[in-house]
1. Label ARG77 and ILE109 with points 7 Å out from Cα along Cα→Cβ: what is the distance between them in nm?
2. If I take R0 = 41 Å and measure r between the Cβ atoms of THR58 and LEU35 in this structure, what FRET efficiency does the formula 1/(1 + (r/R0)^6) give, to the nearest 0.05?
3. Using a 1.4 Å probe, how large is the accessible area of ARG108, given in Å² and rounded to the nearest 10?
4. Can you tell me the length gained on complete extension of the stretch ARG100 to CYS130, counting 0.36 nm per residue apart and subtracting the Cα distance?
5. Considering only protein heavy atoms, what per residue accessible area in square angstrom results for region 79-159 with a 1.4 angstrom probe?
6. Accessible area of ASP68, 1.4 Å probe, to the nearest 10 Å²?
7. Remind me, what semi-axes does region 44-148 give for its equivalent ellipsoid, largest first in whole Å, using sqrt of 5 times each Cα gyration tensor eigenvalue?
8. Distance from a point 7 Å along Cα→Cβ of ALA46 to each backbone N in region 75-96: keep the residues under 19 Å and list them by number.
Amino acid sequence: MQQTTHTLATITLLGATLALAPIDPAAIRAARRDLDPSAPYEQDPAVAADLATIQRITALLTTWQHHDTADLEWRTRQIDAAEDRLLTAHGHLVPTSEQRYQRRTQARIAAEAIQAAADLAHPAAACSRCTGWMDCPDADRAYRGALHADWVDRWTLTN
């Protein structure tokens, strides 16, 4: 009886260890190759370069105030070109400049609505600690609440 309990405990721990162990990426690629030998199993270098370009420029856009508008426009066009190449590589239609403009306009309007909701929830003029969004935890909480409410409104379907 003692050995059976010990054996079951050992098997349970071994199973848990195997289930929680990280899977080797090479094993995942080999399994994908076995399932579909014609599928690409490594990332195309051009796709990797485009993803790196998007990531690098997006990181720089957080400091957009340090660049002039021509540089900002040039960087935005670089991101658009990299996104177009990625969409084409995966067989999707590339948006026109008008569609891109509409998408950015919708994103701007959504961001302004979130900011307005946060300002209504926590007016900066009525708060003695507010000198900016980064200085007041209540303002940050109001912004996160407005962002969450917007997300819920966008993704919750009403019946």
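1. Going from the ARG77 label point to the ILE109 one covers 2.7 nm.
2. Numbers: r = 33 Å, r/R0 = 0.81.
For THR58 and LEU35, the calculated efficiency is 0.75.
3. Answer for ARG108: close to 120 Å² accessible.
4. 7.2 nm
5. Result: 77 Å² per residue.
6. Near enough 90 Å² of accessible area.
7. Details: eigenvalues 240, 53, 35 Å².
So the equivalent ellipsoid measures 35, 16, 13 Å along its semi-axes.
8. 78-95
The values are calculated or read from the model by the stated rules, or taken from the named source; none is laboratory data. Remember, predicted model here, so these are calculated numbers, not experimental data. Using ideal geometry, Cβ is built from the backbone for each residue, glycine included, and neighbour counts are taken over all protein chains shown. Note: accessible area is taken over every heavy atom of the protein model, side chains too, but ligands, DNA and RNA are not part of it. Shrake-Rupley method; radii C 1.70, N 1.55, O 1.52, S 1.80 Å.
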